[in-house]
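Got a structure for you, questions after.
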Amino acid sequence: MKVRNALLIIVVAVVLAAGLGLGLARSGNPSASGADETDPVAQYHLYVQWGEVSSPISSVSGLEWTTEVKTKNVVTKEGMSIAVKTPGANSFTPIIIERGITDDTQFADWAELVKTGNIGEARRDISIVMYDYEGGVVARWYFVGCWPSAYTSWFDANTMSMPMESLTLVHQGFNRVELVNEIPS
């Protein structure tokens, strides 16, 4: 029993430390984490935002797009055959956002809309926002028509890793947004 209680205390301490190090302050203010300014992990904080929701995330991947390359063979005036390459359709990679599991069910609730067939309600325009240590906006990406194609959660009670959840979001496109009046001084 004493060993179980000691392990529980250690797990709680690690989870709390991980949450503070990731800037997961419940206040919604990324600078409220109390993180050390010299810690490179604590230098930036990520949030996903839609409507009135602003939720901290620990990582985002898939910020990628490609343009199809079309090739057309053309004969010049001199009779030479050359291949002319032109841009075709753009294709956008789904993004994956991850965060530690908390009592906030926004990720699961959003994914549930798709699972129950409410695609129209599930489509949302979102922003991924990167804040610096002092809470100033460093970068913002805007995504159009996002909807969750997958929800995943994982945890292992036998290890000291933080329980996590992720959403895979399909979207119609994204842009890195120019910061106007958001540049930290």
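Looking only at the range 68-84, decide whether some residue is of a type outside the set (V, I, T), out of contact with any His (no Cβ under 6 Å at 6 or more places or on another chain) and touching a residue at least 40 places away in the same chain (Cβ under 8 Å).
No: the range 68-84 contains no residue that is of a type outside the set (V, I, T), out of contact with any His (no Cβ under 6 Å at 6 or more places or on another chain) and touching a residue at least 40 places away in the same chain (Cβ under 8 Å).
Residues S54, S81: which one is surrounded by fewer than 16 Cβ atoms within 10 Å (Cβ to Cβ), among the hydroxyl-bearing types (S, T, Y) and farther than 26 Å from L167 by Cβ?
S81
Please list, ordered by first then second residue, the pairs with beta carbon atoms under 9 Å, 6 or more apart or interchain, first in the range 97-126 and farther than 22 Å from V144 by Cβ and in contact (Cβ under 8 Å) with a residue 60 or more places away in the chain, second surrounded by fewer than 17 Cβ atoms within 10 Å (Cβ to Cβ) and among the β-branched types (V, I, T).
So the pair list comes out as G100/V15.
Now for a separate question. Against the conditions (1) at pLDDT below 55; (2) surrounded by 13 or more Cβ atoms within 10 Å (Cβ to Cβ); (3) hydrophobic (A, V, I, L, M, F, W, C), where does L8 fall short? Just the number, please.
Going through (1) at pLDDT below 55; (2) surrounded by 13 or more Cβ atoms within 10 Å (Cβ to Cβ); (3) hydrophobic (A, V, I, L, M, F, W, C) one by one, L8 breaks only (2).
Would you kindly identify the strands (runs of 3 or more DSSP E) lying entirely within the range 44-93 that contain at least 2 residues that are within 30 Å of D109 (Cα to Cα)?
The strands (runs of 3 or more DSSP E) meeting that bar are 44-50, 53-57, 59-61, 81-92.
How do the strands (runs of 3 or more DSSP E) wholly within the range 125-185 filter down when requiring 2 or more residues that are of a type outside the set (F, W, Y) and surrounded by 16 or more Cβ atoms within 10 Å (Cβ to Cβ): which remain?
It comes to 137-154, 164-170.
The values are calculated or read from the model by the stated rules, or taken from the named source; none is laboratory data. Remember, it's a predicted structure, so these values are computed and weren't measured experimentally. Heads up, the Cβs are rebuilt from the backbone with ideal geometry, glycines too, and the neighbour counts pull from every protein chain shown.
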